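Below you'll find the structure, written out as structure tokens, and then a few comments.
All of the numbers you see were taken from the coordinates with simple rules; none came from a lab. Since we're looking at a predicted model, the values are computed, not measured. Every residue, glycine among them, receives a Cβ derived from its backbone with ideal geometry; neighbour counts consider all protein chains shown.
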Amino acid sequence: MKHLTINMDKCMGCGLCKSVCIRDNIEIIDKKAVDVESNCFDCGQCATLCPVNAIEINAYSNQPERVESYNPDNLPVSYDDLLQFYKQRRSCRWFKDEKISHKTFEMLSEAAYYSPNRQNIQDVEFVLIEDNMDEFINHVYSIIKAKENEFDRIKQVGEYLRDENRNPKRHPLLWEAQQLLLVFSQNYADATIAMTRLELLAYTLGLGGFYSLFISMSDEIDHDRLMEYFPEIDSDKHMCLAFAIGIPRVKYIRTRPHNKIKFTYK
């Protein structure tokens with residue numbers, strides 16, 4: 001089965017598609033590009049570079065609305081603007097008593113949709129925990145409590161869950177968050193890139209949140225037991241990140257110093 005459909009009426013035989021194909025899947029024959037079916041993995045380099053839009057990736061033929069032309073010399077954001085945006089990003093643990101709509105999460109998923117990944121595998125998926133938050137946190141604690149002697153925070157979680165008079169605004173894992181976004185993938189880098197893009201897009205909508213070390217730690221401690229909670233997800237995938245997300249009730253007004261980044265040239 002061919003991976004590409006090449007419109008021979010449009011094709012100019014310029015060879016740009018062949019020049020960027022890392023799998024040698026395209027040849028120029030009789031001044032036309034030809035899919036020779038070598039080892040294509042649908043990366044789209046050829047289709048997105050073609051000056052006359054003559055190449056279609058068959059795997060995505062049902063998504064014609066996703067093919068969007070743009071001027072590569074006209075970037076929509078400047079270096080200074082983007083850097084300033086990064087500077088203003090802060091972890092937030094204090095949220096309004098209001099949930100983010102599912103429609104908004106669908107908007108945020110656009111950032112992950114366009115995220116790069118290894119070998120074009122595209123296996124990243126998200127789970128939103130909200131209605132079953134208590135059940136999920138109890139499941140997580142049943143796993144991470146094995147590390148109570150190493151981390152005071154985990155011990156605090158146990159004390160909090162056992163306290164009948166606990167303050168719901170001082171949850172040691174969630175603080176005031178009512179929604180938790182989990183990211184699954186076989187590859188931690190793919191999950192991290194996708195989640196980072198989604199998170200930054202969330203900040204453009206006035207949202208905020210923080211990454212939970214201890215919730216994601218549950219996958220490291222006992223992956224198989226954690227995945228019992230997610231029978232619908234391929235158990236070969238890991239819960240790579242847990243991001244508590246919400247509508248901030250505080251607004252930070254200045255940056256803070258960080259350790260200097262080491263940058264070595266060799």
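For segment 69-154, the calculated P(r) over all alpha carbon pairs, in 5 Å bins from 0 to the bin holding the longest distance, is 3, 8, 9, 13, 18, 17, 15, 8, 4, 3, 2, 0 percent. For segment 129-200, the list of trypsin sites (Lys or Arg not before Pro) that fall in a loop by DSSP and count at most 14 other C-beta atoms within 10 angstrom reads Arg166. With Cβ to Cβ distances under 15 Å as the rule, what net charge do the other residues near Ile193 carry (K, R +1; D, E -1)? Spelling it out: positives minus negatives among the neighbours equals -3.
Given a cut-off of 20 Å, name the pairs among Lys2/Lys32; Lys147/Lys262; Lys96/Lys145; Lys145/Lys237; Lys99/Lys145 whose C-alpha atoms lie farther apart than that in the structure shown.
Numbers: Lys2/Lys32 16 Å; Lys147/Lys262 31 Å; Lys96/Lys145 29 Å; Lys145/Lys237 23 Å; Lys99/Lys145 29 Å.
Violating the 20 Å Cα-Cα cut-off are Lys147/Lys262; Lys96/Lys145; Lys145/Lys237; Lys99/Lys145.
If you wrap a convex hull around the C-alpha atoms of the chain and split its volume per residue, what is the figure in Å³?
Values: hull volume 52.7 nm³, N = 266.
Looking at the chain, the number lands at 198 Å³ per residue.
Sites listed here are GluC sites (Glu not before Pro) in segment 150-219 whose DSSP assignment is loop and whose Cβ has at most 11 other Cβ atoms within 10 Å: Glu150, Glu164. Separation of segment 185-248 and segment 128-180, taken as the distance between their Cα centroids, equals 16 angstrom. Between helix 152-162 and the chain there is an angle of about 70 degrees, using the helix long axis and the longest principal axis of the Cα atoms.
I need the Kirkwood Rh of segment 1-100: take the reciprocal of the average 1/r across all distinct C-alpha pairs and report it in angstrom.
For segment 1-100, inverting the mean 1/r across all distinct Cα pairs yields 16.6 Å.
Computed from Cα positions, the angle between helix 188-204 and the longest principal axis of the chain comes to roughly 80 degrees. Cut-off under 16 Å on the C-alpha distance; same-chain residues fewer than 8 positions from Lys103 excluded. Which lysines are left, in chain and number order? Partners within reach: none.
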